[in-house]
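Report on the structure given below.
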């Protein structure tokens, strides 16, 4: 078995091939273009099906790894947070990075990341681009509110400014600015419609998302976001591993009998954490009293914001249990029944 380490960048890459004794057999600088990748593959001096590849998930790694898998190579994706030898190396060059990746995989110490399917990847892109448009629309709305405040407006409804009683019409130039900003908001609202229509079709084909929508405060976008970011729920042995993957557990430093908890790690997908925290913010005594009681109990101890983050973690634990047991959310069951061996205070150390 031979090992190929690839240090990948946006426009170029360095390929290094070693054998089982970690002897360098072949090295080449390859431009990141399908034609150049194809040429480099043909230049490899050993049988392609006897090669295992180590590559970091950066730049165009999906299409590069796809081309290598098509010719029979065994591709392994590095975990970006666990490749510390590269980041801390005193001699950091593209060649050394490629050699380090190859040596780690050859020695059996390669920290491998999960590779999602193309369908999940496309769904993830769809949701993230929709989020980008929503944020742009919100930014423009905030700009309108800011301008309205400076001009003496007290309210904005349906894109039309309402003036204070007795106040003369605003300056013609300012009216023009507001009008153009309103047109931008309307344009972004139109751009969201095709995304929602596409997501409706994805929802019909995703029973897990439909199951998650039985949870209070979870709609189509949130359910599909959780599915797209988590991918396969069964790859996590328990709910604690899933919330760790989502970055909703506190940092921990311990020595002897002294244990210090810090803010949550923020590891993993920011989109997943955002969706879960927004869901936690929608929990009220009116729609989920059994969950709101959890927040009500923790808020005096750690504050309202940290209590909501703790609830976001508990929500993800409940979702894991719902998916692996294929059971819809049941309000009469206490949240603690979904999250065995998880302390309520585990996530209140920081946000």
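The values are calculated or read from the model by the stated rules, or taken from the named source; none is laboratory data. Every value quoted in this text rests on a predicted model; they were computed, and no experiment measured them. All Cβ positions, even for glycine, are placed from backbone atoms using ideal geometry, and neighbour counts span all protein chains on display.
Points worth noting:
- Residue 26 being in a strand (DSSP E or B) and without any contact (Cβ under 8 Å) to a residue 24 or more places away in the chain: yes
- Considering the range 252-289, the residues that are over 24 Å from the mean Cα position of the chain (by Cα) and within 22 Å of residue 226 (Cα to Cα) include one that is surrounded by the most Cβ atoms within 10 Å (Cβ to Cβ), namely 288.
- Set 115, 91: member being surrounded by fewer than 13 Cβ atoms within 10 Å (Cβ to Cβ) and either at pLDDT below 95 or in the same structural domain as residue 224 (by TED's automatic domain parsing) (or both): 91
- Screening residue 103 against (1) more than 27 Å from residue 269 (Cα to Cα); (2) modelled with pLDDT of 95 or more; (3) in a helix (DSSP H, G or I) leaves a single unmet condition, (2).
- Lone qualifier among 59, 54 - being in a loop (DSSP other than H, G, I, E, B) and touching a strand residue (DSSP E or B) at 6+ places or on another chain (Cβ under 7 Å): 59
- Against the numbered list (1) more than 24 Å from residue 190 (Cα to Cα); (2) assigned by TED's automatic domain parsing to the domain that holds residue 193, residue 125 comes up short only at (1).
- Those residues of the range 119-141 which are in contact (Cβ under 8 Å) with a residue 40 or more places away in the chain and exposed (fewer than 13 other Cβ atoms within 10 Å of the Cβ), in sequence order: 129
- Check on residue 54, buried (at least 18 other Cβ atoms within 10 Å of the Cβ) and in contact (Cβ under 8 Å) with a residue 12 or more places away in the chain: yes
- Of residues in the range 141-175 being over 30 Å from residue 130 (Cβ atoms) and in a helix (DSSP H, G or I), the one modelled with the lowest pLDDT: 172
- Only one entry in 267, 275 is part of a helix (DSSP H, G or I) and under 24 Å from residue 128 (Cβ atoms), namely 275.
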